[in-house]
Amino acid sequence: MPGSFATTQDLRDLVRLRRVRDRIDREYAQPLDVQALACGVNMSAGHLSRQFRLAYGETPYAYLMTRRIERAMALLRRGDLSVTEVCFAVGCSSLGTFSSRFTELVGVPPSVYRERALHATVGLPTCVVKQATRPIRNREVRGMSRV
């Protein structure tokens, strides 16, 4: 509804969506699914998925996986854990799904990323490493193509 004010229900939904996003950010390593997230804010799973995508440009599951991959990247840069250990540490239960999603977001498999990261970030401040190595989500790539 272009030009109209948000309804009270729209504002309530935005508050609930923010709570879901905050929960994902906090509990990314826990077993989370859309149904559990939806129950936590008294929404149906379908409504949550649709509203979340409208508000944030991706589904709750995609957002969760991006959080997990971001954390996995940090753990892999440390170099003291195997790819399998990192997979389980960030809350993934399938090494195959983890590796596929990691490769999709980062552009290389986790084992290759780990090897390259050990050498590429030596001596850089943590804040620079975090920004420079952040995965690019699909919506950001689409936004960049318009530039």
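Some points to look at:
- Residues within segment 8-32 that are under 29 Å from Ala89 (Cβ atoms) and without any contact (Cβ under 8 Å) to a residue 12 or more places away in the chain, tallied: 4
- The requirement of being outside the structural domain of His119 (by TED's automatic domain parsing) and in a loop (DSSP other than H, G, I, E, B) is fulfilled somewhere in segment 46-57, by at least one residue.
- Only one entry in Thr59, Thr126 is surrounded by 15 or more Cβ atoms within 10 Å (Cβ to Cβ) and either closer than 26 Å to Val20 by Cα or modelled with pLDDT under 95 (or both), namely Thr59.
The values are calculated or read from the model by the stated rules, or taken from the named source; none is laboratory data. What you see is a predicted model, and the numbers here were worked out from it, not measured in a lab. All Cβ positions, glycine included, derive from the backbone under ideal geometry; neighbour counts span all protein chains shown.
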